[in-house]
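Readers should treat all values here as calculations from the given coordinates under stated rules, not as data from a laboratory. In this text, all values refer to a predicted model and were calculated from it rather than measured experimentally. Here Cβ is always computed from backbone atoms with ideal geometry, including for glycine, and neighbour counts include all displayed protein chains.
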Amino acid sequence: SQTIHQWPATLVQPVGSPLSLECTVEGTSNPNLYWYRQAAGRGLQLLFYSVGIGQISSEVPQNLSASRPQDRQFILSSKKLLLSDSGFYLCAWNRGAPLEAFFGQGTRLTVV
Amino acid sequence: AQSVAQPEDQVNVAEGNPLTVKCTYSVSGNPYLFWYVQYPNRGLQFLLKYITGDNLVKGSYGFEAEFNKSQTSFHLKKPSALVSDSALYFCAVRDMNNQNFVFGPGTRLSVLP
């Protein structure tokens, strides 16, 4: 069966420090991968998605970047964190079938 | 462009009563519709989906949803609510042009004992 791992679960970082959040998927190949941010426990904002290795689409211009160095690995990064980067970050994957997306457990990022 | 609306920020219901969480959508082409549930500080869990076929879709934990094409709605329902159903619920539509999912803003369900 397929599983998605996302870490760390929580992270407190100072303003101006770098960020690296990692997401890996097991049990499937060539998944579509997504990074979402959720602010204040409400709506989801799509940040990046990837349909293959090295293929990244950005939905919202901001202080973050994403990379997909391997088929089932998706990394969210920042060179210098801002206070406004605080939030709950969710990784997700899906394929053509099944059509639904499956989410990781999320990372709570607090920038101080 | 695809869009999803969840007109209620909050829904309160007494335990044992039926619940409905509303969702309307706007898509070009055939809609692929989904419901997810989120518990505090957790990822989203898939509940059910409508792709094609019967308008009444059954999912996990006793939830079901009714697809209504003329009203462009996909309301989530459960005949008898449990306190443990209290959570944040998201409706979503999949954009088959770019593989993305468009989520509604979420509805917080509180089931009162």
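Structural remarks
- Within segment A:1-31, the residues that satisfy the criterion of being crowded, with 20+ Cβ neighbours inside 10 Å and either in contact with a Ser or Thr (Cβ under 7 Å, 6 or more places away or on another chain) or more than 22 Å from residue B:46 (Cβ to Cβ) (or both) are A:6, A:19, A:21.
- Restricting attention to segment A:24-38, the residues that are part of a strand (DSSP E or B), more than 11 Å from residue A:48 (Cβ to Cβ) and more than 10 Å from every other protein chain (Cβ to nearest Cβ) total 3.
Conditions tested, residue by residue: (1) within 14 Å of chain B (Cβ to nearest Cβ); (2) part of a strand (DSSP E or B); (3) more than 17 Å from residue B:103 (Cα to Cα).
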| residue | (1), (2), (3) |
| --- | --- |
| A:67 | no, yes, yes |
| A:81 | no, no, yes |
| A:89 | yes, yes, no |
| A:93 | yes, yes, no |
| A:96 | yes, no, yes |
| A:99 | yes, no, no |
| A:105 | yes, no, yes |
| A:108 | yes, yes, yes |
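- Long-range neighbours under 7 Å by Cβ, at least six apart or interchain, first residue more than 7 Å from every other protein chain (Cβ to nearest Cβ) within segment B:92-105, second surrounded by 15 or more Cβ atoms within 10 Å (Cβ to Cβ) and aromatic (Phe, Trp, Tyr): B:92/B:34; B:92/B:36; B:92/B:101; B:92/B:103; B:93/B:25; B:93/B:32; B:96/B:32; B:104/B:90
- Applying the criterion of at least 3 residues that are free of Cβ contacts under 8 Å to residues at least 12 places away in the same chain to the strands (runs of 3 or more DSSP E) found wholly in segment B:1-67 leaves B:56-58.
- Restricting segment B:33-68 to residues that are of a type in the set (Val, Ile, Thr) and more than 10 Å from chain A (Cβ to nearest Cβ), the residue that is farthest from residue A:89 (Cα to Cα): B:52
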